[in-house]
Amino acid sequence: MRNTQVFLRDKNVMQKIISAAELKPDDVILEIGSGDGRLTRELASCTKKVYAVERDLNLIDASKMELRDLNNIEFINDDALNIEFASDIDKVVSNLPYAISSPITTKIIYFLNEHPGSIAILMYQKEFGERMIAIPGIRDYSMLSVFCQYTSTTEKLLNVSKNCFKPTPSVDSMVVKITPKNIRIDEGFLSFCRAIFQHKKKNLYSAIMDSREKMAVHSKESLREKLNGLDKDLLKEKVFLFEVEQLLSIYRAALKLGICQESA
Ligand code: SAH
């Protein structure tokens, strides 16, 4: 696990993260993977409270020592994927452990969506960040892009060179801002998108046919019949060209026709 511990050493980047977070004296912050506590200090110095989650007990002990002059940090020595986020959190600001990018982003976004006014400023591996913000038609546009853009506004704030970290990792990074749309997340829609995005380079017709075990109708014959009810031009379009709004209207039409189902 040691190799996932790369610490941000560039003061300039650190400052950009802090200013993007627009920290206020009464803010409660969640930091995931607080490491040696460098970012934690900046966060705690100008806010009400920081929850610092770090799985490595040695790092918790070392940063407790290092930050002993600050009394508004609650250290949580646990896996960030296993804990329930405290409901008073306003902002999530972290240089994330990249190995858990996918599940932790899902968890953060579900949390933000239930907390209007909350935001997240997060450091990711560059390639992951690119997939979060990718627009339809480009290779990086994927289920992750659809999930992020359906639930939130995701913006790239800055690229961060691998040289800003110690030890120097093999990958570059990117800071992303997530502002939730505070919607009721429709699991049926997400399942539908997940199914067709497994065939994202195919046209919609083939993508639905090829993922029919995930649809409401499994037999080729009856699915083909139901697909007659969908717009012909849409069926000919490649899946990765659809933006979220179009996917939503396709899903609603497919739902009415009994092609897919609402999530239980
Ligand atoms: N935030 C620090 C360090 C980032 S590196 C900095 O900016 O310098 C990522 C940190 O996440 C490491 O300290 C690692 O021990 C920790 N970590 C890795 N997986 C974790 C998990 N599942 N839950 C909590 N912390 C984790």
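So that you can scan it fast, the table gives a plain yes or no per residue for (1) under 11 Å from the mean Cα position of the chain (by Cα); (2) more than 11 Å from the ligand (Cβ to nearest atom):
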residue: Pro103; (1), (2): yes, no
residue: Lys107; (1), (2): yes, no
residue: Tyr110; (1), (2): yes, yes
residue: Gly117; (1), (2): no, yes
residue: Pro136; (1), (2): no, yes
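Each residue in the stretch 75-93 was checked for being out of contact with any Leu (no Cβ under 8 Å at 6 or more places or on another chain) and within 14 Å of the ligand (Cβ to nearest atom), and 9 pass. The C-beta contact set for the stretch 43-62 (first residue in contact (Cβ under 8 Å) with a residue 60 or more places away in the chain and part of a loop (DSSP other than H, G, I, E, B), second residue more than 9 Å from the ligand (Cβ to nearest atom) and among the charged types (D, E, K, R), distance under 9 angstrom, 6+ apart or interchain) is empty. Criterion applied to Lys91, Lys24, Lys48 was being surrounded by 14 or more Cβ atoms within 10 Å (Cβ to Cβ) and within 21 Å of Met123 (Cα to Cα), and the one residue passing it is Lys91. Residue check: is Glu54 crowded, with 16+ Cβ neighbours inside 10 Å and not β-branched (Val, Ile, Thr)? For Glu54, the condition - crowded, with 16+ Cβ neighbours inside 10 Å and not β-branched (Val, Ile, Thr) - is met.
With respect to Lys16, is the statement that it is open to solvent by 20 Å² or more (accessible area, probe 1.4 Å), more than 24 Å from the chain's Cα centre (by Cα) and within 24 Å of Ser161 (Cβ to Cβ) true?
It is false that Lys16 is open to solvent by 20 Å² or more (accessible area, probe 1.4 Å), more than 24 Å from the chain's Cα centre (by Cα) and within 24 Å of Ser161 (Cβ to Cβ).
Consider Glu74 carefully, then state whether it is out of contact with any helix residue (DSSP H, G or I) (no Cβ under 6 Å at 6 or more places or on another chain), within 24 Å of Glu42 (Cα to Cα), charged (D, E, K, R) and surrounded by fewer than 20 Cβ atoms within 10 Å (Cβ to Cβ). In short, yes. When Thr168 is tested against (1) within 17 Å of the chain's Cα centre (by Cα); (2) open to solvent by 40 Å² or more (accessible area, probe 1.4 Å); (3) among the β-branched types (Val, Ile, Thr), exactly one condition is not met: (1).
Within the stretch 111-134, residues that are among the small types (Gly, Ala, Ser) have Cβ atoms under 6 Å from residues that are at pLDDT below 95 in no pair, counting only partners at least 6 apart in sequence or on another chain.
For the structure I just gave you, tell me whether Asp186 is open to solvent by less than 90 Å² (accessible area, probe 1.4 Å) and either modelled with pLDDT under 95 or under 21 Å from the mean Cα position of the chain (by Cα) (or both).
So Asp186 fits the description; yes.
Taking the listed residues Ser219, Ser211, Ser206, Ser191, the one that is outside the structural domain of Ala21 (by TED's automatic domain parsing), loosely packed, with under 15 Cβ neighbours inside 10 Å and within 27 Å of Gln261 (Cα to Cα) is Ser219, with no other qualifying. Checking Glu84, Glu74 one by one, the residue that is in a strand (DSSP E or B), farther than 19 Å from Lys177 by Cα, acidic (Asp, Glu) and in the same structural domain as Val176 (by TED's automatic domain parsing) is Glu74 and no other.
The values are calculated or read from the model by the stated rules, or taken from the named source; none is laboratory data. Just so you know, these numbers come straight off a predicted model, no measurement behind them. So basically every Cβ, Gly included, is an ideal-geometry build from the backbone, and we count neighbours across all protein chains shown. Note: areas computed on protein heavy atoms with side chains; ligands, DNA, RNA excluded. Shrake-Rupley method; radii C 1.70, N 1.55, O 1.52, S 1.80 Å.
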